[in-house]
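Structure record follows, encoded as structure tokens.
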């Protein structure tokens, strides 16, 4: 069998998997693919590479899990919707571009390499003149529009995880 | 009174604070300082700027909080100690340099912009030939050496938060 892709999380290939690893039948993405091996093997996540795999705005994609939290990548442009997450803080880490997070008592401005945690219960509305690439970290199951709902509510998407 | 630093999280200065904000008497750091206002005001965290404020290795510094999780910056160089966190996953996000996370079944290699989650219960040992700057995310109170203890166990440090 020709050499296959390497499992990024361990010294393991899909053609000659480590004990307990099961090559995934589909969804392999470059060098960051992993075998399936339950909870024991995670994936190296290249943030820029994950962001290159989609183009839509305001549609966060889960790329990793940390206990009962999810790490998501998202592209945004324009103004979102004012909303609140009553039960959780929400972390924004800007990877590229300039993001404003409007709060009712002023705006927070974030450049690449800067992060901000919106406290639970604080109404906010992200807005970006140009396209922004960002990381979001929040508990599993948080809906992007919080209490507001509406057309910008994104479907849960962990296809990149 | 001369104009003072601006509270980064809201339209608020230390000389003319918003209602409920209390100017901090010390520890102001450039433009990312904030007033104290309970849970309502968080700080814009510039990751590179936070990393410029210390030089020691293997001594994570809390820079932000997300519910009951902490976001820490750390500089590492050389080999750490093999250890396990039995009760939690641990997220590594490399900001600069090349980090290897040794696992018992192989190494994970991370460059800038790449992240990896070490699953709970998985023994690991970070190692870096050159200096690496990284972000760690884990629940509040996690000790860097996990079950191993020893000389590299870092004191809890949230002086940059």
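The values are calculated or read from the model by the stated rules, or taken from the named source; none is laboratory data. Quantities reported herein were computed from a predicted structural model and do not represent experimental measurements. All Cβ positions, even for glycine, are placed from backbone atoms using ideal geometry, and neighbour counts span all protein chains on display.
A few comments on the model shown:
- Of everything in region A:45-68 that is surrounded by 16 or more Cβ atoms within 10 Å (Cβ to Cβ) and in a helix (DSSP H, G or I), the residue that is nearest to the other protein chains (Cβ to nearest Cβ) is A:47.
- Test for residue A:117: is it within 24 Å of residue B:116 (Cα to Cα) and at pLDDT 95 or above: yes
- Check on residue A:91, buried (at least 18 other Cβ atoms within 10 Å of the Cβ) and facing chain B (nearest Cβ under 10 Å): yes
- In region A:94-107, the count of residues that are modelled with pLDDT of 95 or more, under 23 Å from residue B:68 (Cβ atoms) and surrounded by 16 or more Cβ atoms within 10 Å (Cβ to Cβ) is one or more.
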